[in-house]
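In what follows, a structure is listed as C-alpha cells, so that the remarks can point back to it.
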2 protein chains.
Amino acid sequence: LDVEVMEEARGRWDQLTKPLGSLGKLEEIGIRLAGIQGTVLPSVERRAVVVMCGDHGVTAEGVSAYPSAVTGLMMQNFSNGRAAVNVLARQMGADVHVVDIGSACEDDIPNIVREKVKPGTDNMAVGPAMTREEAVRALEVGMGFARKLSSEGVQVIALGEMGIGNTTPSSAIASVLTSHPLAELVGRGTGIEESVLPHKGHVIQRALEVNQPNPDDAVDVLAKVGGLEIAGLAGVVLGAASEGVAVLVDGVIAAAAALVAYRVEPKVGPYLFASHLSQEPAHRILLEAMELSPMLHLEMRLGEGTGAVLAMPLLQSATRLVQEMATFADLGL
Amino acid sequence: LDVEVMEEARGRWDQLTKPLGSLGKLEEIGIRLAGIQGTVLPSVERRAVVVMCGDHGVTAEGVSAYPSAVTGLMMQNFSNGRAAVNVLARQMGADVHVVDIGSACEDDIPNIVREKVKPGTDNMAVGPAMTREEAVRALEVGMGFARKLSSEGVQVIALGEMGIGNTTPSSAIASVLTSHPLAELVGRGTGIEESVLPHKGHVIQRALEVNQPNPDDAVDVLAKVGGLEIAGLAGVVLGAASEGVAVLVDGVIAAAAALVAYRVEPKVGPYLFASHLSQEPAHRILLEAMELSPMLHLEMRLGEGTGAVLAMPLLQSATRLVQEMATFADLGL
C-alpha cells in the first residue's frame, strides 16, 4: 500500500465538513482504498463477483441438508441470472462470473466458465480431499481469473461460491488455522437439523485425524481438508492483491479461503474488506484471525457472494464522500 | 399491517431458490414491507430523507464541541448539496428535504423548507426546553411533511437531523423513556473530550430534576427535555406510519424521536426499520426499547440521516429478491 497517499487521504477526510472520524469505518475504507490504488480519489465503479463452484466427497457422510446435484442446479440458476447473487449484482452494478472449478455436474451450461480441476473432491473423512498438485492448480485458476478481471479494469472483486457441503471443509480449515475447538466452529450450514450437528463435528474430527493437516502449511490444509472452490477463491485473493484489486470477503467459505491466502501471503491482508457477519459460527472467528470487522449484520447464511455484493455500495460511498463533500474551508471555517 | 399479505409473502420467500430463511433480516424486511404496502411485491423505488434542523438552549452549558452557529452553516452546506447526507442520497437515489423547524439561523437559505416553530429551544437545564404547545406544533409540522411526501408517492422516509447539542436532549429522553441510568446513555456526541462527559451527565441530571418530565407522557418528555427537530422527526414517524410509508431510523437523535412517537402511538412500531448502530451509547438502548435490530455496524456518529440513507439499498434488495429470484418450481424441484 502507498503509505504517503494514505496519509494524504487521511488529511483530506479530516478536512471534510463532519466531526473528526464521525464516518467511522467508511473513512478507514476510503483511506485503505486510496493506499491500494495509489490515489486520494480511489474508484470502485468497476465491480465483479466471482462465484467458484465445487462439489465435496464428504457429502457421502451425510453432513449436508441437500444432495450434490443441487450444485449443478444452482449453476443453471446462475446461468439464467435468477439466483440471489444475480439479483443483487444487477442492483449493485457488478458483473457475475461463475467458474466451474470442481463441480460434479457434467452438463455444459452457458455463461459458466469451465476450469474444472476435477469433478468434486474426494471424501476427506477417509483420505485427503485432493492432492497438493490439484490444490495448487485450483489456486492458479483463481489467480489467473483475478488477473484477467484486473486487466479488464475491475477494481473490486466479491468472493462468491456454490458447493453443497462446503461449510464442512470451511470449519475444518478454521479449526486447523485458528486452533479454536470444533465445538465453536461447526454450524448448521444450509440448514441441517440441530440434532445432526454432533455428527458433522465427528466427521470433521475424523478428517483431521485421518489427514493430519499441517497448520504451518496452508496449502497442505487446503489440499487435505479443503475444497476446489475454496482453493479457487484463495487464488482470487492472491491474484487480486498482487494486481492492486480490493477483495470483498463474503461468508464462512469465502473467509476460510481468504484466511488460506492470508497465511500463504500475509501481504494480502490490507486488500481484504469484510462484508457481512454470517450466522455460521466459524465466520466471526475466521474474520478475527484476519483482523477484519464486518459491516453488515443481516443474519444471512446463503453464500454465493450475496453478503459481499450487498457491501459494494458502502465501498462506493467511501469513494464518493471524499470526492463530493465540502471541506471546512469551503464553508469559510 | 396486512397480515394475510404477510403470510402470502412469507410463503413466496420460502419458495425462492435458497435455503429456508437464509436471507435473514432481508426476508423479515421484505415480509414487513409487504404488510405495510398490502402487496407481496412491495416497492421502495421512491425514497426521501427528511433532515429536521433545530438549535438547543442547553448548549449554553458547554455540552457540545461546536457552537450553535454551526447548525446554520450546515444548513447552507445541505443547501449546496455538499454535506455527507447529500452525497449519500445522490448515490442511493433519495431526495433530500431540509426543514428548518427550530434553528437559531436567521438567514433565508435556498432549498430549505421554513417551518420554524421557534429559533431554538430554551435551556432545559434551567426550565422546560419548550412549551407543550410548541412541542405539539413541531409534531404537526413533521406529520404534515410526511403526509405531503406520501401524497407525492414516497414509499420510504429516512430520518435525518442537524442541531448542535442534540445528543444531550436525546440522552435525556432515553433516560426518561427507558429508565436506564444516565451513565449508560451519555456519549461524546460530535466529539467532546472524554473529560467533559461527567459534566454533560450532570447537566442532563439537572434538566431532569428541574423539569420532572412524566415518563408516561411522551409529549411532556419531548417538550421539557427534547428538541424541535426531535419533535419534528417524531411527527414524521407518526405521519408516515399513518400513510403506510416505511421509516428508516438513523442514529441516536432519530431513535429518540422514534421512541417518542412509538410511546405516543405503539402502532407505529411495524413501520420502523433500524439502519445502523451508532457509536453513541444511548442508541442501542433506544433501538432495543423498540425491538429494532440495526443492519449496519459502521461506527458512525455523524447524524444528518447518513446511516439511514446507507441502509436504503438493503430495503431495495429485499424487494428485488422476491421479484426476480427463481423459485424451486422454476428449477424443476
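Things to note:
- The distance separating the Cα centre of the stretch A:64-96 from that of the stretch A:145-169 comes to 13 Å.
- Unit charges on C-beta of K, R, D, E only; dipole of the protein assembly as shown, Debye: 360
- CD proxy at 222 nm, helix term only [per DSSP H run n ≥ 4: -39500 (n - 2.57); per residue of chain B; nearest 500]: -14500 deg cm²/dmol
- Cross-link partners of residue A:148 among aspartates and glutamates, defined as those whose alpha carbon lies under 13 angstrom from its own and excluding same-chain residues fewer than eight positions apart: A:140, A:243.
- Other-copy label distances relative to residue B:114, 7 angstrom Cα-Cβ extension, nm: 7.2
- The distance separating the Cα centre of the stretch A:184-223 from that of the stretch B:238-292 comes to 42 Å.
- Principal-axis tilt of helix B:69-79 within chain B, Cα atoms, nearest 10 degrees: 30
- For the stretch B:131-187, the equivalent ellipsoid derived from the Cα gyration tensor has semi-axes of 28, 15, 11 Å, listed largest first.
- For the segment B:289-298, counting C-beta atoms of other chains within 10 Å of every residue's C-beta and taking the mean gives 4.
- Within the straight-line cut-off of under 28 Å between alpha carbons, the lysines reachable from residue B:25 are A:25, A:200, B:267, sequence neighbours fewer than 8 places apart in one chain being disregarded.
- Quotient of C-alpha Rg and 2.2 N^0.38 Å, computed over the protein assembly as shown: 0.99
- GluC sites (Glu not before Pro) within the stretch B:238-321, DSSP loop, no more than 10 other Cβ atoms inside 10 Å: B:291
- Net charge, residue A:160 excluded, C-beta distance under 11 Å - Lys, Arg +1, Asp, Glu -1: -4
- Shape call, the stretch B:47-314: gyration tensor on alpha carbons, a/c limit 1.5: rounded
- Sparse-neighbourhood loop sites, GluC sites (Glu not before Pro) in the stretch A:85-152 - DSSP loop, at most 11 other Cβ within 10 angstrom: A:106, A:152
- DSSP finds beta bridges in the protein assembly as shown, and of those with both partners inside it, around 5 percent are antiparallel.
- The magnitude of the dipole of the stretch A:47-315, with charges of +1 and -1 set on the Cβ of Lys/Arg and Asp/Glu and taken from the Cα centre, is near 340 debye.
- A Cβ-based charge dipole, computed about the Cα centre of the stretch B:74-146 with Lys and Arg at +1 and Asp and Glu at -1, lands at about 220 debye.
- Under 13 Å of direct C-alpha separation, and excluding same-chain neighbours fewer than eight residues apart, residue A:118 reaches these aspartates and glutamates: A:55, A:100, A:106, A:133, A:134, A:229.
- Considering only beta bridges that DSSP places wholly inside the stretch A:47-315, some 0 percent are antiparallel.
- The residues neighbouring residue B:134, those whose beta-carbon lies less than 14 Å from its own, together hold a net charge of -2 under the Lys/Arg +1, Asp/Glu -1 convention.
Readers should treat all values here as calculations from the given coordinates under stated rules, not as data from a laboratory. On a predicted model such as this, the values are computed, not experimentally measured, just so you know. Counting neighbours? That spans all protein chains shown, and the Cβs are built from the backbone with ideal geometry, glycine included.
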